[in-house]
């Protein structure tokens, strides 16, 4: 599939199951609210408030569980997209939370590696050279992490996803330019829209956070549909 076909498909995909879209929008809003409450709770603990501590702990736990659930669900979107199926995933909280945890592990591994390499290079080279190396490593490992996410979605196998050399090889099979362009376009669009929302409603506004939560879920659905379709060409 070419990039225009992928975007046309991905932009309309979230509306193929509006029920699932609405459920995850609500979950995203709940996560935003519980995170806000957790921050308030943490601030209350400065005055030795037990209530604040409880609110902070509960808010953090709920937010983490919802984040894992959302990540697990979008992995299923990637899986179905790799198969080029138009249906949306079923809701399976236990398995999707488990897969969300696996995805977190994958991302940690793929971003720790360039961080360590950058640190080692900083001991040898000058600052501007290190900056260039860091940028190149970040781009390569971001694309590799995207391929690793697809590998995890395809197999549910953490070991398969953590094969960094194979994930990097997948970049060549899918096409560096196609992956980079897709990620960049979605990222730039997301940043622009979020900034517009903040300009209109303010950065500290609850309404702006709710609107961003709604848009973010749509963007996450679109992004994962797109990378699944990309990987289907591997």
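Bear in mind that the values in this text are calculations on the coordinates, not laboratory data. Worth saying up front: this structure is predicted, and the values here are computed from it rather than measured. In this analysis, Cβ positions are derived from the backbone assuming ideal geometry, glycine residues included, and neighbour counts consider all displayed protein chains.
Summary of computed values
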{"quantity": "Fully extended contour minus Cα-Cα distance, from residue 126 to residue 109, at 0.36 nm per residue", "calculated": "3.5 nm"}
{"quantity": "For the chain, the fraction of alpha-carbon pairs in successive 10 Å shells from zero, as %", "calculated": "8, 26, 33, 24, 8, 1"}
{"quantity": "Cα gyration tensor, the range 109-157 - rounded (a/c under 1.5), prolate or oblate", "calculated": "prolate"}
{"quantity": "Three-way shape label, the range 142-189, alpha-carbon gyration tensor, a/c 1.5", "calculated": "prolate"}
{"quantity": "The range 1-113, relative contact order in percent, only Cα pairs under 8 angstrom and at least six apart counted", "calculated": "22"}
{"quantity": "The range 3-231 - percent relative contact order, Cα under 8 Å, separation 6 or more", "calculated": "29"}
{"quantity": "Theoretical ellipticity at 222 nm over the chain - DSSP helices of four or more residues, -39500 (n - 2.57) apiece, nearest 500", "calculated": "-29000 deg cm²/dmol"}
{"quantity": "Sites residue 139 and residue 51, calculated FRET efficiency, Cβ-Cβ separation with R0 45 Å, nearest 0.05", "calculated": "0.50"}
{"quantity": "Residue 207/residue 39 FRET efficiency (R0 25 Å; Cβ-Cβ; nearest 0.05)", "calculated": "0.90"}
{"quantity": "Cα-based shape type of the range 1-129, given that a ≥ b ≥ c are square roots of the gyration tensor eigenvalues and the cut on a/c is 1.5", "calculated": "oblate"}
{"quantity": "For the range 85-207, fraction of C-alpha pairs farther apart than 17 Å, in %", "calculated": "69"}
{"quantity": "More than 17 angstrom apart: percent of Cα pairs within the range 31-73", "calculated": "31"}
{"quantity": "Order by protection proxy (mean Cβ within 10 Å, highest first), peptides 187-200, 9-22, 116-129", "calculated": "9-22, 187-200, 116-129"}
